[in-house]
Amino acid sequence: GENVEQHPSTLSVQEGDSAVIKCTYSDSASNYFPWYKQELGKGPQLIIDIRSNVGEKKDQRIAVTLNKTAKHFSLHITETQPEDSAVYFCAASRGALNFGKGTSLLVTP
Amino acid sequence: DAGVTQSPTHLIKTRGQHVTLRCSPISGHKSVSWYQQVLGQGPQFIFQYYEKEERGRGNFPDRFSARQFPNYSSELNVNALLLGDSALYLCASSWTEETQYFGPGTRLLVL
């Protein structure tokens, strides 16, 4: 089955800096790669996604890149704000979502 | 617009009991998926239903079962509860089977 590895497990940045979270996947048939943000006590919230026929996608301060050959994809958050502090999950899918273990992001003022 | 709703929000059961969790998808969404999230881990896939038919099943024992109703709402049932079943159970809905939107979850504690 699909195996998704996510790094780092924790990330601390100063407000205004950029944050990068990286994921690798094992199943070359996976064709959909969403990113979720989960705040304490809440369900995961979809923040951006990318499909295998696209290499990069951007939405305001958030961007995702995909390298199908290397089977890895990354989340980039620019100009981080304290409200970006949360746990971020990557996932790979060709049906059901297979999640990484999460990255706890802390943005300090 | 109402998002995915789940009930109950919290639940406490004892070992050996049975539990039923409920999910209502976003209006117009025909697919519902269930995930288990243990503290400190990513969600793990349990079931996916589309148009009332099971489309996928994760690596969970037969104690776990689910169904989807004609109005696209869904139930997850767990029999013979074990301590290790304590987790946040998440429901996600989608228009097709791809982009999934999660509800707030049901937090289950088994004592």
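As a summary of the residue check, A:Leu97 satisfies the conditions (1) buried (at least 16 other Cβ atoms within 10 Å of the Cβ); (2) away from chain B (no Cβ under 11 Å); (3) of a type in the set (A, V, I, L, M) except for the one numbered (2). Going residue by residue through the stretch A:78-93, is there one that turns out to be farther than 19 Å from A:Val13 by Cα and surrounded by fewer than 18 Cβ atoms within 10 Å (Cβ to Cβ)? Looking for residues that are farther than 19 Å from A:Val13 by Cα and surrounded by fewer than 18 Cβ atoms within 10 Å (Cβ to Cβ), one finds none in the stretch A:78-93, hence no. Of the residues examined, B:Arg107 is not one that is basic (Lys, Arg), within 14 Å of another protein chain (Cβ to nearest Cβ), out of contact with any helix residue (DSSP H, G or I) (no Cβ under 8 Å at 6 or more places or on another chain) and without any contact (Cβ under 8 Å) to a residue 12 or more places away in the chain. Regarding A:Leu66, is this residue more than 21 Å from B:Thr106 (Cα to Cα), touching a Phe, Trp or Tyr at 6+ places or on another chain (Cβ under 7 Å), among the hydrophobic types (A, V, I, L, M, F, W, C) and away from every other protein chain (no Cβ under 14 Å)? Yes; evaluated as a whole, the condition is true for this residue.
Would you call A:Asn53 assigned to a strand (DSSP E or B) and either more than 9 Å from chain B (Cβ to nearest Cβ) or not hydrophobic (A, V, I, L, M, F, W, C) (or both)? Spell out how you get there, then give the answer.
Numbers: assigned to a strand (DSSP E or B): no; either more than 9 Å from chain B (Cβ to nearest Cβ) or not hydrophobic (A, V, I, L, M, F, W, C) (or both): yes.
No, not satisfied.
Taking the stretch A:8-39 as the region of interest, how many residues are in a loop (DSSP other than H, G, I, E, B) and either aromatic (Phe, Trp, Tyr) or at negative phi (or both)? Write out each step before concluding.
Residues of the stretch A:8-39 in a loop (DSSP other than H, G, I, E, B): A:8-9, A:15-18, A:26-31, A:39.
Remaining after also requiring either aromatic (Phe, Trp, Tyr) or at negative phi (or both): A:8-9, A:15, A:17-18, A:26-31, A:39.
The qualifying residues number 12.
Within the stretch A:55-77, the set of residues being free of Cβ contacts under 8 Å to residues at least 40 places away in the same chain, touching a strand residue (DSSP E or B) at 6+ places or on another chain (Cβ under 7 Å) and either closer than 14 Å to A:Thr103 by Cα or among the β-branched types (Val, Ile, Thr) (or both) comprises A:Ile62, A:Val64, A:Thr65.
With respect to (1) modelled with pLDDT of 95 or more; (2) surrounded by 17 or more Cβ atoms within 10 Å (Cβ to Cβ), the lone exception for B:Val38 is condition (2). Taking the stretch A:56-109 as the range and being of a type in the set (Asp, Glu) and farther than 23 Å from B:Phe102 by Cα as the test, the residues that pass are A:Glu56, A:Glu79. Among the residues of the stretch B:55-111, those identified as out of contact with any Leu (no Cβ under 7 Å at 6 or more places or on another chain) and among the basic types (Lys, Arg) are B:Arg55, B:Arg57, B:Arg63, B:Arg67.
Scanning for something within 14 Å of chain B (Cβ to nearest Cβ), touching a Gly at 6+ places or on another chain (Cβ under 8 Å), modelled with pLDDT of 95 or more and buried (at least 17 other Cβ atoms within 10 Å of the Cβ), does the stretch A:26-43 turn up at least one residue? Yes: the stretch A:26-43 contains one or more residues that are within 14 Å of chain B (Cβ to nearest Cβ), touching a Gly at 6+ places or on another chain (Cβ under 8 Å), modelled with pLDDT of 95 or more and buried (at least 17 other Cβ atoms within 10 Å of the Cβ).
The values are calculated or read from the model by the stated rules, or taken from the named source; none is laboratory data. What you see is a predicted model; the values in this text were computed from it and never measured. With ideal geometry, Cβ positions are generated from the backbone for all residues, glycine too; neighbour counts draw on all protein chains shown.
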